[in-house]
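This report refers to the structure that appears directly beneath it.
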Amino acid sequence: MSLLVSDWYHSVRQNEVALVAGESGLDRQVCRVHVVEKATFAAFLEGREIIFITGVALSQPAELLDIVKSCFQAGIAAVVVNLGGYIKTLPPEVSDYCNQVSLPLFTVPWHIHIETLMQKVFQMVADTEADQKALETAVLNAIQFPERQELYVNALRNHGYAPDWRYCVALAQSRDSSTPQQLLTEAQKYLEDQGMRALPLMLGATLVVLFANYSSEDVEEKLRELCTDLQTSLSLKELPLFAVGRCTKSVRCIQKSYTLADKILALQLRGQLPAELHAYNNLGIYKIVIGLENQDVLSEIHEEYLAPLQAYDRACGTDYVEFVRNYLKYDGQVHEISQKMFIHRNTVHYKIRKVEEILDCDLQRTDTKMYLLIAIISDQLQGKQP
């Protein structure tokens with residue numbers, strides 16, 4: 001949620017503020033306001049400002065265009081020219097340029113105090129930031145206190161997010177630990193530029209995005225596009241890791257979607273999930289482990305199918321747990337396992353027999369493979385708290 005030039009303009013039209021060029025750029029975002037009287041001052045701009053020009057430092061009218069061009073290159077949101085004092089008339093080349101680059105150009109007569117118009121920007125930016133903070137708090141409450149609906153349902157509804165919409169939580173995290181705040185800033189800008197119904201916030205180093213009324217497939221696609229944009233805009237060495245939870249039936253299930261996405265991201269960060277799996281809907285058998293709420297069942301499977309191998313490895317310095325991971329990954333194909341683990345084919349056969357001996361099982365049985373896979377996945381997730 002950001003303040004747009006159009007929002008400010010509609011709030012000050014009664015102060016004789018006139019839009020004279022660049023109407024197609026009224027959807028530019030506004031974060032701050034400055035007075036600029038020289039083209040060189042543009043070097044101090046951060047972008048997304050509404051700038052005011054009184055002309056007090058102009059030595060000739062042609063300099064006005066230089067100021068506007070320099071400020072546009074710095075990423076400003078709009079220009080307001082104070083007419084009647086130092087600038088008597090607006091040069092047509094300034095209007096032509098603003099129309100060309102879709103930069104909103106306003107004029108205001110000299111008798112109007114520009115401090116009033118600037119103060120309006122400050123006030124509206126502060127109100128917008130307060131609204132954004134309220135939305136972030138509502139999303140956090142929905143994740144942390146799902147049973148306390150009074151903490152988030154009305155707040156989201158008041159900002160246009162209906163309780164009966166479908167919601168989906170998506171997470172992204174860069175391996176570059178120096179970019180958390182930059183992730184949020186760039187994500188906010190990208191999502192707003194794309195006009196998406198999505199609320200971004202940071203939880204530690206993780207970017208959390210609540211998507212409203214999109215399908216899981218749409219969310220995965222949009223998140224992939226967002227991460228690609230983040231990689232480019234922040235010059236990241238690699239694409240941020242990302243995960244998509246399950247789409248909910250209403251606002252009251254946001255926490256469930258977050259928990260699933262959090263578990264998926266945990267596996268992604270450990271490199272223990274196939275690279276192409278990002279969304280809950282595409283997880284296959286991983287759904288069973290990630291979505292299972294009865295941890296006693298997982299513990300029983302772990303104790304029967306994985307704990308004996310782990311104990312044997314610790315006692316004898318062997319690698320049977322890793323062997324089983326590769327056995328399952330390559331579906332028991334001896335040649336593939338041999339190449340991956342750099343061992344002889346005969347050693348693969350020996351290890352298969354040894355695992356069967358330790359676990360008293362048949363590795364070729366489908367149910368054995370299924371239980372082993374569940375045990376390994378649950379072991380990877382062990383200790384991961386929602």
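Summary of computed values
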read-out: Rg/Rh (Cα only; Kirkwood hydrodynamic radius) as it applies to segment 301-386; value: 0.96
read-out: Extension gain (nm, one decimal) between residue 86 and residue 14, 0.36 nm per residue minus Cα-Cα; value: 23.6 nm
read-out: Accessible area of the chain belonging to carbon and sulfur atoms, whole % at 1.4 Å probe; value: 48
read-out: Value of [θ]222 nm, deg cm²/dmol, for the chain, DSSP H segments ≥ 4, -39500 (n - 2.57) each, nearest 500; value: -15500 deg cm²/dmol
read-out: For q = 0.17, 0.25 Å⁻¹, Debye-computed log10 I/I(0) when each Cα of segment 129-200 counts as one equal scatterer; value: -0.73, -1.29
read-out: Globularity index of segment 114-250, i.e. its alpha-carbon radius of gyration over 2.2 N^0.38 Å; value: 1.11
read-out: Trypsin sites (Lys or Arg not before Pro) within segment 33-129, DSSP loop, no more than 12 other Cβ atoms inside 10 Å; value: 88
read-out: Beta bridge orientation in the chain: antiparallel %, DSSP, nearest 5; value: 60
read-out: Long-range Cα-Cα pairs in segment 48-188 (distance over 20 Å), rounded percent; value: 64
read-out: Option label - Cα extents along the principal axes in Å computed here, alternatives [x] 95, 47, 30; [y] 63, 55, 39; [z] 65, 51, 47; value: [x]
read-out: Among 115, 37, 192: highest mean-square fluctuation, GNM of the chain, C-alpha pairs under 10 Å; value: 115
read-out: Members of 287/354; 287/329; 237/351; 237/369; 263/351; 189/287 lying beyond 28 Å, as alpha-carbon distances in this model show; value: 287/354; 237/351; 237/369; 263/351; 189/287
read-out: Only Lys, Arg (+1) and Asp, Glu (-1) charged, at Cβ; segment 94-211 dipole about Cα centre in debye; value: 220
read-out: Karplus 3J(HN,Hα) series, Hz, for segment 39-47 with 6.51 cos²θ - 1.76 cosθ + 1.60 (x for Gly, Pro); value: 4, 5, 5, 4, 5, 8, 7, 9, x
read-out: Selection from 91, 130, 80, by position along the positive dipole direction of segment 67-161 (Cβ); value: 91
read-out: Overall form of segment 35-105 per C-alpha gyration tensor (a/c, 1.5; a/b vs b/c); value: oblate
read-out: Span from the segment 1-60 Cα centroid across to the segment 181-230 one, whole angstrom; value: 28
read-out: Cα pair distances in segment 170-309, grouped into 5 Å bins until the bin that holds the longest one, percent each; value: 2, 10, 19, 21, 19, 12, 7, 5, 3, 1, 0
read-out: Residue-normalised accessible area of segment 195-281, expressed per residue, 1.4 Å probe, Å²; value: 40
read-out: Solvent-accessible area per residue for segment 56-193 (1.4 angstrom probe, square angstrom); value: 49
read-out: Hydrodynamic radius by Kirkwood, which averages 1/r over all alpha carbon pairs of segment 171-229, in angstrom; value: 11.6
read-out: Intensity falloff of segment 6-71 expressed as log10 I(q)/I(0), Debye formula with alpha-carbon point scatterers, at q = 0.25 Å⁻¹; value: -1.25
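The values are calculated or read from the model by the stated rules, or taken from the named source; none is laboratory data. Owing to the predicted nature of the structure, the values given are computational and were not obtained by experimental measurement. Glycine gets a Cβ as well: all are built from the backbone with ideal geometry, and neighbour counts include every protein chain shown. Remember, those area values only see protein heavy atoms, side chains included, never the ligands or the DNA or RNA. Shrake-Rupley method; radii C 1.70, N 1.55, O 1.52, S 1.80 Å.
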